[in-house]
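Please read the structure below before turning to the comments.
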Amino acid sequence: MLLAKEVLQEIREAETAAENLLAKSQVLSKEILKSAQAESKEKLDEASKKSEKIISDITSQKEDEAQKIARQILEEARCECEAIKNVPEVKVKKAISIVIERIVKPYGDS
């Protein structure tokens, strides 16, 4: 009977050890999962920040390019305006008389 009690005691101790090991394993697996989730969140945040910086850099670059193009267009328009302003008065008067002539001749009776 003593032998059976000892075997029974060893079985209970083995079960207790197994339960303790299972509990420790569950705690450890939860800690590993929590750590992995935190690490993945950090990596996601880092990737998000990098992409925002890239977007910001590209946007800034394209805005600079657009401003440069706009300045070129504006300068060309100014040059064209100056060219129009500097048309000799003789040419302006001739253009006016041609326009008047075309309007007045067909409708001269009015």
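Where a number appears in this text, it was derived from the coordinates with a stated rule and is not lab data. Quick caveat: nothing in here was measured; it's all calculated off a predicted structure. Heads up, the Cβs are rebuilt from the backbone with ideal geometry, glycines too, and the neighbour counts pull from every protein chain shown.
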Item to complete: May I ask which residue of L44, T59, A17 lies farthest towards the positive end of the charge dipole of the chain, with charges of +1 (Lys, Arg) and -1 (Asp, Glu) on Cβ and the Cα centre as origin?
Response: T59
Worksheet, complete the sentence: Charge dipole of the chain built from unit charges on the beta carbon (Lys, Arg +1; Asp, Glu -1), centred at mean Cα; most positive-end Cα among I98, A77, S35 is I98
Practice prompt. Determine the calculated [θ] at 222 nm for the chain from helices alone, applying -39500 (n - 2.57) to every DSSP H run no shorter than 4 residues and normalising by the residue count; nearest 500 deg cm²/dmol.
Written response: -34000 deg cm²/dmol
Worksheet item: For segment 2-110, what is the charge dipole size about the Cα centre, in debye to the nearest 20, if Lys and Arg each add +1 at the Cβ and Asp and Glu each add -1 at the Cβ?
Response: 840 debye
Item to complete: Return one number: the angle in degrees, 0 to 90 and rounded to the nearest 10, between the long axis of the Cα atoms of helix 89-104 and the longest principal axis of the Cα atoms of the chain.
Response: 80 degrees
Worksheet, complete the sentence: GNM on the chain, Cα springs under 10 Å; top mean-square fluctuation among K94, K68, K24 goes to K94
